[in-house]
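The values are calculated or read from the model by the stated rules, or taken from the named source; none is laboratory data. Since this is a predicted model, take the numbers as computed values, not measurements. FYI the Cβ positions are ideal-geometry reconstructions off the backbone, even for glycines, and counts take in every protein chain you see. Quick note on the areas: whole protein, heavy atoms, side chains included, nothing else; ligands and nucleic acids left out. Shrake-Rupley method; radii C 1.70, N 1.55, O 1.52, S 1.80 Å.
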Amino acid sequence: MASATLKKNYRCSQSLQQFYSGGPFVVSSDGSFIACACSESIKIVDSSNASTKFTIEAESGTITALALSPNDKLLFSAGHSRQIKVWDLDTFKCLRSWKGHDGPVMGMACHGSGGLLATSGADRKVLVWDVDGGFCTHYFKGHKGVVTSIMFHPDVNKSLLFSGSDDTTVRVWDLLAKKCVAVLEKHFSAVSSMAVSEDGWTLLSAGRDKVVNLWDLHDYRCKSTIPTYEVLEAVCIVYSGSQFALSLGAFLQQSGKKKSRSTGIYFITAGERGIVRIWTSEGAVCLYEQKSSDVTVSSAEDEDSTRGFTSAVMLPLDQGLLCVTADQQFLFYSPAEHLEEKWSLKLTKRLVGFNDEIVDMKFLDEEEQYLAVATNLEQVRVYDLSSMSCSYVLSGHTDTILCLDTSISSNGRRLILTGSKDNSVRLWESERRCCIGLGIGHMGAVGAVAFSKKCRDFFVSGSSDRTIKVWNFDGLSDDIEEPISLKAKAVVAAHDKDINSLAVAPNDSLVCSGSQDRTACVWRLPELVLVVKFTGHKRGIWCVEFSPVDQCVITAAGDKTVKIWAIADGSCLKTFEGHTSSVLRASFLTRGTQFVSCGADGLVKLWTIKTNECISTYDQHEDKVWALAVGKKTEMLATGGSDAVINLWHDSTAAEKEEAFRKEEEGVLRGQELENALLDAEYTKAIQIALELRRPRKLFELFSELFRKREAGDHIDKALHALGKEEFLLLFEYIREWNTKPKLCHVAQSVLFRAFNILPPTEIIEIKGISELLEGLIPYSQRHFSRIDRLIRSTFLLDYTLIRMSVIEPTTQDDLKTKSLLHSEKNMEDNAEEDQKQVSEEQKPKASGKKRKSHKSGDHSRLHKKVKDSSTHANTAAVPLQA
């Protein structure tokens, strides 16, 4: 068998995070995203896979109201701070904000034209705002309670605004007349939802008094009252021509329940019972009612707690119905396709807005398509990883589920095993989504379960009662209606404290248990006879697992270490240290040559056993990582923890190797292009390639070579003109480094001078991160100029020495005039050459008896010499030097 390639890196490909904490939400006009309130922030969520596109930190306290403009360009939000904010969804920046209410804003709606925004608040006011100007256009007062719901008439030509309040009334406001034109009083409790019929002349209002009232908008009288016998939270109109209406109409006509010329209004109600019902206004008949609720209700909740649906909306573009539950789930419904027997709704998607603490998870099959997740609830949620939606929920336990395991039975059925705080274990069949076996016998919470690996006809469970039980489920039939009571065929008192983890050997001959008593024990199956005991950890053991290839066991414990033990003699083979807190999970990878661990420090680590080396560390969690699942096909990872986040990790070793090879190949080709550009003297292209390849040394050599040429300025200006802002930023980084070294600073200063000549200061300031680079350039530049000043001042001593030696004379006013005349002449260079020839002739030694004077200062750059004339002066004359 070929040796497995060691994994070097994993990449987090998908993540399921909390995106809804209850409260307001709003769906885009095309249904592609949902803006959800998540505590004090707003999450923009992709409705197809529940991924968070963007998080807006509103900084307005808990979000209480949301609204979208008709074109989905603007998002309006309000929170407990009473501040109304307008967000641009292209840049996710706040365009403007203002305050207008004296209490929290409870409702918000945008006009169909997009120019007006209506808000209602706990201060009993209804205000209408100009979106562009942010000023109040209408101020309505009259409600005697909190105004909870508000909506514009869907027809933009009708200037009507509706508001529902806790004072049991619905008020109709005329925007043109700026007054209340009707007060609709038929409810006996708070009005929770409103809707307008398709023709625009009937208003439907639903309340917590368990009725729906239909109002005629011609004369504002109540046409009918339909009792629903449940507290309602939402009412939605079913528009003709939609899939709902066509499907329902076809079924009713087929069954003979629909009249040929029916003028009734179809509408949907949702409320505390958690069921969807469809009504017709004609005869106040309920046309459809769900048999069972898809809402998962916690048994630990009080009777007074909110249950069922909290809101419902019809999705745009005929995408179905969206219902939101009290436990932050988004349920998507559409009509069932087969209507031969009875019309029904099917649940097409379930997005979970909040998972609470994740305690355990396992992949459901070898294809790594489904993931079973146990949270701080009594249900198991099974996720479809392709859409990150919750496919179904398994309910049956009466207390929190603490652990789970998955397996495929001998006859191909996918099974899920769960252990709970209710002291029981349950065996579930995935396809039928039902419980097929119930094991009762433990006297404490079941904290660990494990399926057999080879025979797949038994499982083991460990509990806080310190016992291990072996359960046999072989012989369970496929058509079980009620869960069968399972019996334990072996029991042992295994540890002195709670049992945290169990693992069955690949050949089903052994089972290993890890306990809070700091020991791990290996037991022979099926009699549960002790084989060996591992002692050495200083804290409780959280996880145990058998190696898939060797006779050894890996343990993870609260003492921040992971140990590998030999089953033969119980000795510790290796100890791995690196976590900064308790290690909660560890699992083998790559045929037992590597393992992955996660802990209470929120870190996930990848280790190589042979070298005792931690290859990679990942910090994608903000709290304890309780759950770790490893896929069998590609060994992808799934991690979850106390931060309610599920991260999916894929092996990126091969992809990164291929990417590195591609970059290296591309770098070689670009390097050759750079050399060719140098040979062809294409300096502009060469500078761009050097910047692209990030080769500062080559770039410095290019600039140094250019400055030696006569046309250096033109070449450099041409090269700098072709650079973008990002390339300029990179160039300034290199200049900053060159500027720190005295040998390189002259090139750095020259390039900097050219760059400042090309770029105006306004554009330089706009470059992101330039201020930090300029701050690094200033002190070294000041140091270089100070050194030059010191050198210039030092030359004055040489001037003084030569003057005192009578070799030169101080510069006079006449000399300065002569200098200015020389500079003004066009043939300055020719005159300079003639002067130098004359000086050289006069400096030839004369045949004289006088002592020869030294002329060593002839090369001084700042002085112009005037040689003494021995034939006219008896004494030696001084030579004036000029710059």
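Assorted remarks:
- Cβ-Cβ distances below 8 Å connect the following pairs, each with a first residue in region 758-774 that is under 21 Å from GLY713 (Cβ atoms), a second residue that is surrounded by 11 or more Cβ atoms within 10 Å (Cβ to Cβ) and of a type outside the set (A, V, I, L, M), and a separation of six or more residues or different chains: ILE758/ASP717; LEU759/PHE728; GLU763/LYS725; ILE764/PHE756.
- Scanning region 532-554 for residues that are surrounded by fewer than 17 Cβ atoms within 10 Å (Cβ to Cβ) and either among the small types (Gly, Ala, Ser) or in a strand (DSSP E or B) (or both) turns up LYS533, THR535.
- The set of residues from region 438-469 being closer than 22 Å to THR398 by Cα and among the small types (Gly, Ala, Ser) comprises GLY439, GLY441, GLY444, ALA445, GLY447, ALA448, ALA450, SER461, GLY462, SER463, SER464.
- Flag if LYS158 is within 16 Å of VAL105 (Cα to Cα) and assigned to a loop (DSSP other than H, G, I, E, B): no
- Hey, ILE615 open to solvent by 10 Å² or more (accessible area, probe 1.4 Å), of a type outside the set (Lys, Arg) and in contact with a Ser or Thr (Cβ under 8 Å, 6 or more places away or on another chain) or not: yes
- Note on region 371-385: among residues that are open to solvent by 20 Å² or more (accessible area, probe 1.4 Å) and free of Cβ contacts under 8 Å to residues at least 40 places away in the same chain, the one that is nearest to THR406 (Cα to Cα) is ASP384.
- Conditions (1) touching a residue at least 40 places away in the same chain (Cβ under 8 Å); (2) surrounded by 19 or more Cβ atoms within 10 Å (Cβ to Cβ); number of the one not met by SER395: (2)
- Members of region 199-243 found to be part of a loop (DSSP other than H, G, I, E, B) and open to solvent by less than 70 Å² (accessible area, probe 1.4 Å), listed by number: GLY200, ASP209, LEU217, TYR220, THR228, GLU230, VAL231, VAL238, GLY241, SER242
- Per the listing SER39, SER29, the residue uniquely closer than 20 Å to GLY107 by Cβ, among the polar types (S, T, N, Q) and in contact with an Asp or Glu (Cβ under 9 Å, 6 or more places away or on another chain) is SER29.
- Counted residues, region 109-129 - those being in contact with a Phe, Trp or Tyr (Cβ under 6 Å, 6 or more places away or on another chain), in a strand (DSSP E or B) and open to solvent by 10 Å² or more (accessible area, probe 1.4 Å): 1
- For THR590, the criteria (1) open to solvent by 10 Å² or more (accessible area, probe 1.4 Å); (2) among the hydroxyl-bearing types (Ser, Thr, Tyr); (3) over 21 Å from the mean Cα position of the chain (by Cα) hold in every case but one, which is (1).
- When restricted to residues that are in a loop (DSSP other than H, G, I, E, B), over 22 Å from SER387 (Cβ atoms) and of a type in the set (A, V, I, L, M, F, W, C), region 608-647 contains 3.
- Screening LEU678 on (1) more than 29 Å from LEU377 (Cβ to Cβ); (2) open to solvent by 40 Å² or more (accessible area, probe 1.4 Å); (3) not in a helix (DSSP H, G or I) shows it passes everything except condition (3).
- Look at region 663-677: where a residue is charged (D, E, K, R) and a partner is in a helix (DSSP H, G or I), sitting 6+ places away or on another chain with Cβ atoms under 8 Å, you get ARG670/ILE689; ARG670/GLU692; ARG670/LEU693; GLU673/LYS685; GLU673/ILE689.
- Residue list for region 450-488, restricted to those being closer than 15 Å to LEU510 by Cα, in contact with an Asp or Glu (Cβ under 8 Å, 6 or more places away or on another chain) and of a type outside the set (Lys, Arg): ALA450, PHE451, SER452, CYS455, ASP457, PHE458, PHE459
For (1) in contact with a Cys (Cβ under 8 Å, 6 or more places away or on another chain); (2) assigned by the TED database to the domain that holds ALA505; (3) hydroxyl-bearing (Ser, Thr, Tyr), each residue gets a yes or a no:
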| position | (1), (2), (3) |
| --- | --- |
| ILE564 | yes, yes, no |
| VAL583 | yes, yes, no |
| THR590 | no, yes, yes |
| VAL596 | no, yes, no |
| ILE615 | no, yes, no |
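- Out of THR639, THR684, THR653, sole residue that is modelled with pLDDT of 85 or more, out of contact with any strand residue (DSSP E or B) (no Cβ under 6 Å at 6 or more places or on another chain) and among the β-branched types (Val, Ile, Thr): THR653
- Residues satisfying the stated conditions in region 25-76, i.e. of a type outside the set (A, V, I, L, M), part of a strand (DSSP E or B), over 27 Å from ASP384 (Cβ atoms) and free of Cβ contacts under 8 Å to residues at least 40 places away in the same chain: GLU57
- Check on VAL181, surrounded by fewer than 17 Cβ atoms within 10 Å (Cβ to Cβ) and in a strand (DSSP E or B): yes
Quick grid of which residues meet (1) polar (S, T, N, Q); (2) outside any strand (DSSP E or B):
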residue: ALA556; (1), (2): no, no
residue: TRP565; (1), (2): no, no
residue: GLY570; (1), (2): no, yes
residue: THR575; (1), (2): yes, no
residue: SER581; (1), (2): yes, yes
residue: LEU584; (1), (2): no, no
residue: PHE588; (1), (2): no, no
residue: ARG591; (1), (2): no, yes
residue: VAL596; (1), (2): no, no
